[in-house]
Amino acid sequence: MEQKKIYPYLIDEKRMAGYYELLLEDKFNLKIFDKKKDKEIYDYFLPNIKKYLFWSFDLNQKEEINEYKKMKNDLKAAVCSSYACNVFEKEDNLVICFSTGVCFAILSDDKLLKSLTKYESLKEMEEINLRSSDVYEFPDNKEEHKYAYILELYKLIYLKKLSRDLQEPYLFDKTRNDFVKFTQEVYDITETDKDQFCNKLKEKYNLDKLYISLENQFDLLYKNNKLNENLISKRFIIILLVVLVIIGIINLGNYLA
């Protein structure tokens, strides 16, 4: 049996609901995690990260699951797009997508991969040095480690995406808000207390170095923006004073005349 590999790609984050609907139309189904069947995963991740990655664990009643399954694909896609992360499965193939547009295909079928990635944002991928040929392999066969590995790869790619967005001045406020949200919901959250697997991956991919570099860029640009705002304000005040002085002189001249 051929070893499955991980193929990362980007989808326009504004079109995630549409992409989810395409996956559903292509016979991918939302993977609904079960606390008993997926006990290793449930026990491995701490609550906040578990909720971030596997929202379907909360669908613990048959009625809720059946209600979701009865929905049309467009409604299912709308439900999925309201969550941070979704895992889809088709036979033994997986697609994991984050609401930020970062996706991972986990499979060994090149034809299926081509179908999944035909809507990828190639320009955006090029800008963060993410190539369609980039591929990763799981370090072991533990199910919990597979998802932990995807999570750390997600951090790596999303930090690069934020760094790219930061180069666009008109995106500064949005990018800063995205960075804060990412920090609070993902980066500063401990993934597990079971082992050091995630910490080893952070070291392997220099995530802390990349994060600190991005944080420093935000601080520098924020200070520069504030400095520019102060300069603009001072210039405006000076110009306003000059205009008032000129008007005053004109009025005084008219009065004396």
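The values are calculated or read from the model by the stated rules, or taken from the named source; none is laboratory data. Here the structure is a predicted model, which is why all the values come from computation and not from measurement. Glycine gets a Cβ as well: all are built from the backbone with ideal geometry, and neighbour counts include every protein chain shown. Calculation scope for accessible area: heavy atoms of the full protein, side chains included, ligands and nucleic acids excluded. Shrake-Rupley method; radii C 1.70, N 1.55, O 1.52, S 1.80 Å.
See the values below:
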| item | result |
| --- | --- |
| Residues within region 91-105 that are modelled with pLDDT of 95 or more and open to solvent by 10 Å² or more (accessible area, probe 1.4 Å), tallied | 4 |
| Where a residue in region 172-185 is within 12 Å of Glu215 (Cα to Cα) and its partner, wherever it lies, is open to solvent by 80 Å² or more (accessible area, probe 1.4 Å) and assigned to a helix (DSSP H, G or I), with Cβ under 8 Å and at least six apart | Arg176/Tyr222 |
| Residue in region 187-205 that is modelled with pLDDT of 85 or more, open to solvent by less than 60 Å² (accessible area, probe 1.4 Å) and of a type in the set (S, T, N, Q) present | yes |
| Subset of region 1-58 (residues that are more than 22 Å from Thr117 (Cβ to Cβ), among the aromatic types (Phe, Trp, Tyr) and assigned to a helix (DSSP H, G or I)) | Tyr42, Tyr44, Tyr52, Trp55, Phe57 |
| Failed condition for Leu151, given (1) open to solvent by less than 80 Å² (accessible area, probe 1.4 Å); (2) of a type outside the set (Phe, Trp, Tyr); (3) closer than 19 Å to Lys50 by Cβ; (4) not in a helix (DSSP H, G or I) | (4) |
